[in-house]
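I have placed the structure first, in the form of C-alpha cells, so that the comments after it can refer back to it.
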Amino acid sequence: MTVESPAPVTNRLTFSRFDVQLYEEPAHEATAILTPGSRYQVVIKLDIGSRLKNILCGKWCVSVIAERIGAGADKEKHVVVPMNNCDGKDDVITIDLPEDWLDKDGEGPCGNIYSLYVVVVALDNCNSKPVGLAGFTRLGDVFTFS
C-alpha cells in the first residue's frame, strides 16, 4: 500500500528564506575585499516556516567552500549545529573564518581571488542522514591581499 501526502505538505519541505552574508569583524560590515589581520564571519539565516520547524527535529550541516581562481588550493570549512525547533524565529548560523584561512598556503603576486559558496543540508538526529531539505548559494567572489 502507498501512502501519499497532499501537495501542500510535501511542497513545504523548502526554505522560505535562505540568506548568507560575509562580514568583516569587529566592524560587522559586509565586504568582498579581505584585508590583512582581520577576522571574518559568514552569517546564514534559515527560515523553513514555524509549522514545519516544530516537527522537524534535526541539525544543520553547513559548509563554506572557497574555490581558488588560478593556481592554489581550494578551502572548505564545515560545521554541524542543532536546529532551533522551539520558536518560529529564523535559525542563524555564524561561521568564524580566521584571517589566514584563505591565504595560509601562499600568496599570489598581487593577491588571490576565491569564489565562495555556502551549502546547507538538514540532517536527522538519529543517524545524521539528509532529510530532503538542502540548499546552496554562491556568496560571491572575494579578493585577498597582504
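Side notes on the structure shown:
- Scanning region 58-75 turns up one or more residues that are within 21 Å of ASP124 (Cα to Cα), surrounded by 13 or more Cβ atoms within 10 Å (Cβ to Cβ) and among the aromatic types (Phe, Trp, Tyr).
- Selection status of LEU56, farther than 25 Å from LEU34 by Cβ and among the aliphatic types (A, V, I, L, M): yes
- Among residues of region 124-146 that are within 16 Å of LEU97 (Cα to Cα), those with a beta-carbon under 6 Å from a residue that is of a type in the set (Phe, Trp, Tyr) at least six positions away or on a different chain give the pairs VAL142/TYR114.
- Residue, modelled with the highest pLDDT, within region 36-85, restricted to residues that are among the charged types (D, E, K, R) and outside any strand (DSSP E or B): ASP74
The values are calculated or read from the model by the stated rules, or taken from the named source; none is laboratory data. As the structure is a computational prediction, the values presented were derived from the model and not from experiment. As a convention, Cβ positions derive from the backbone with ideal geometry for all residues, glycine included, and neighbour counts pool all protein chains shown.
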